[in-house]
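A quick write-up on the structure given underneath.
The values are calculated or read from the model by the stated rules, or taken from the named source; none is laboratory data. Just so it is clear, the structure is predicted and the values come from calculations on it, not from any experiment. Cβ atoms come from the backbone with ideal geometry, glycine included; neighbour counts cover every protein chain shown.
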Amino acid sequence: MEYFIVLIICVIGCSVTVFGYPYGLISESCDTMLPTHGNNGPQSSVAPFTITVSNTTFAPGDIITVTIQSQSNANLFKGFLLQVRLVGGNGIFGTFSTSDAKAQILNCSTQVYGAVSHRSGDQKSSITAFWTAPPGAGHVRFRATVLSSYNTFWTGVESNIVQALRMSNTLCGSQKFCLSDPLGCSPDDSACLFMSAVPSSNGYVFEMSGPTAGYVAIGFSDDMKMGNDDVQICTKNSSGNILVQAAYNTGTVTPTLRNNNTAGSIVSSYNSGVLKCSFTTQSSISLSQRSSNNPAYYVFLVSGPSNADGQIQFHTKKLISSVKVDLTSYMTVGSQSGRSPLVLGHGSLMLIAWMTTGSIGMIMARYMKSAAGKPFLGKAAWFQAHFYLMILTVILAIIAFIMIFVEAGDWSGGAHPVLGVIVMILSFFQPIAAFFRPDPKSERRFIFNWGHRMNALVIKILAVAAIFLGLTLVDSSLSQWMPKLMGGFFAWEVLFYIILESNVHLKAKRTYDDPAKTIEIETVALIIFICGNLAFLIALLVGIGQS
């Protein structure tokens, strides 16, 4: 009798050993996705099974139909374990449901209803399940282990990448590397400049997002300066088409596009002034002057304008990771300021020069001769004020020019630096010409007067144009309030020039007299003008500081 009981136990044990888990209750295999029976490892050949999905993209709450299918009737399967894994990671995401009689839902240790398995050991040609996308998920793959017999099985059977339509910072630092400004901001925030990277197969899955009408780009470098950088670009052309480009940067010039654009699974959008791109690459990061076995890089994240063809222009905002980053580390790092103190100082000094000292100096020479004509240190007060204000303007402009040249290394970057160089050249010759001006009683004095005035007018017009362009580069807000405020300042100046010019003509015609010798109208206008200029200047300086 005892022998008979032992025999029954052995038969039952052998049956369980032989058939493993014919009813698919294999929650303990969720993490490894490996069978817990048999001595053989997975097959090394290409799996004769495929995983197909009903959608290539998803948003939170979307339901995707997924099917495991045999490629032929000669390759049926008995068992399987199906999950969803984040690209580049091992987290189990989302929940499954099924109406297939051959399949059942399993609870995994980290996720309720996180997997699907077989219900019996019968032969199957296909099974179908439904996956509900959770909030905060990144790009995913459906992954399965499929068994055709007790000792024959394949692991790593995968679908194509299914991309998340909605970018998220939820997995930053745990399942993907992220760089953003402000630090930790969500790409759902319209003011957030954001990128993420996840290694995938031989390449990466990249996300980038930012407020721009032109482009967002990420670069990888051995140092914290532009040059010899691998670049990925998301740019928009004048037709509204969004392009994903791979490029190589050799300096502060337009990057050279690579001939082989290997980006795939592209998802892009442009809504409410925010450009977003998500895509995969099939190549590793390539830097010509470094060993390929060192995976650490400084990461650049920039945005700026693009031309009608989508070709990128000089960036208006730049972030650089504070340390070299290994993209497989899934870390979140801080960044150095996208605009160096030299850039901010350049903009501030140019505003001071052409909104205050230069503007006031020009008004003194043109309209204040009668109001400030009394001698001061041997010269008329208006002349002394004009002379020293304009000298100060030139000095400030020269300092600002040197600061930006030290920072950029050249004067490339569009029309703004070109206009700036022209303004500097004309400004440099203005005081030199004034030093050699003819005597006031000379017959040729009028030539100097007209030449001096016309050169000043050209300088003023070009300086204002350069400031407009410079502010569009600095201002990354969707409203572009700084160039608009500069437009208000320009209108303010034009208004006072009209008032003061009208006053000059009225005095010339002697249409009125001032017997009481009250304060000159030019002096009142100048005081109001200076107060208004300072208000505009302070607002723009605050904007530059906040940029």
Exercise. For Gly136, which of the numbered conditions (1) in contact with a Ser or Thr (Cβ under 7 Å, 6 or more places away or on another chain); (2) within 30 Å of Ser45 (Cβ to Cβ); (3) part of a loop (DSSP other than H, G, I, E, B) fails to hold?
Worked result: (2)
Problem set entry | Elements of type strands (runs of 3 or more DSSP E) contained in segment 209-273, each with 3 or more residues being farther than 29 Å from Glu407 by Cβ, touching a Cys at 6+ places or on another chain (Cβ under 6 Å) and of a type in the set (Asp, Glu) | none
Exercise. Looking at segment 370-382, is at least one residue over 22 Å from Leu540 (Cα atoms), at pLDDT below 80 and buried (at least 16 other Cβ atoms within 10 Å of the Cβ)?
Worked result: yes
Exercise. Is there a residue in segment 313-331 that is in a strand (DSSP E or B), at pLDDT below 85 and surrounded by 21 or more Cβ atoms within 10 Å (Cβ to Cβ)?
Worked result: yes
Problem set entry | Residue ID - farthest from Cys234 (Cα to Cα), chosen from residues in segment 166-194 that are surrounded by fewer than 19 Cβ atoms within 10 Å (Cβ to Cβ) and touching a Phe, Trp or Tyr at 6+ places or on another chain (Cβ under 7 Å) | Ser174
Problem set entry | Residue in segment 438-485 that is farthest from Ser427 (Cα to Cα), counting only those that are of a type in the set (S, T, N, Q) and modelled with pLDDT of 80 or more | Ser442
Exercise. Given the conditions (1) touching a strand residue (DSSP E or B) at 6+ places or on another chain (Cβ under 6 Å); (2) touching a residue at least 24 places away in the same chain (Cβ under 8 Å); (3) surrounded by fewer than 18 Cβ atoms within 10 Å (Cβ to Cβ); (4) over 13 Å from Val116 (Cα atoms), which single one is not true for Thr67?
Worked result: (4)
Exercise. Filter segment 60-78 for residues that are modelled with pLDDT of 90 or more and under 35 Å from the mean Cα position of the chain (by Cα); which is farthest from Phe142 (Cα to Cα)?
Worked result: Gly61
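The rows are residues; the columns are (1) over 21 Å from Thr36 (Cα atoms); (2) touching a Ser or Thr at 6+ places or on another chain (Cβ under 6 Å); (3) assigned to a strand (DSSP E or B).
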position: Val66; (1), (2), (3): yes, no, yes
position: Ala144; (1), (2), (3): no, no, yes
position: Ser149; (1), (2), (3): no, no, no
position: Gln163; (1), (2), (3): yes, yes, yes
For this session: Output the residue which, of all residues in segment 79-105 that are in a loop (DSSP other than H, G, I, E, B) and modelled with pLDDT of 85 or more, is farthest from Pro199 (Cα to Cα).
Result: Ala101
Seminar exercise, completed: Among Leu81, Leu86, the single one that is in contact with a helix residue (DSSP H, G or I) (Cβ under 7 Å, 6 or more places away or on another chain) and either more than 17 Å from Ser159 (Cβ to Cβ) or in contact (Cβ under 8 Å) with a residue 60 or more places away in the chain (or both) is Leu81
For this session: Go through segment 106-132 residue by residue and tally those that are outside any loop (DSSP other than H, G, I, E, B) and surrounded by fewer than 19 Cβ atoms within 10 Å (Cβ to Cβ).
Result: 8
Exercise. So is Gly94 buried (at least 17 other Cβ atoms within 10 Å of the Cβ), within 23 Å of Val162 (Cβ to Cβ) and touching a Pro at 6+ places or on another chain (Cβ under 9 Å) or not?
Worked result: yes
Seminar exercise, completed: Within segment 423-468, residues of a type in the set (S, T, N, Q) and more than 22 Å from Ile402 (Cα to Cα) come out as Ser442, Asn449, Asn455
For this session: Give the residue that is farthest from Gly88 (Cα to Cα), with candidates limited to residues of segment 206-248 that are surrounded by fewer than 19 Cβ atoms within 10 Å (Cβ to Cβ) and in contact (Cβ under 8 Å) with a residue 60 or more places away in the chain.
Result: Ser238
Problem set entry | Where a residue in segment 26-37 is within 19 Å of Val112 (Cβ to Cβ) and aliphatic (A, V, I, L, M) and its partner, wherever it lies, is buried (at least 19 other Cβ atoms within 10 Å of the Cβ) and modelled with pLDDT of 75 or more, with Cβ under 6 Å and at least six apart | Ile26/Ser117; Met33/Leu81; Met33/Thr145
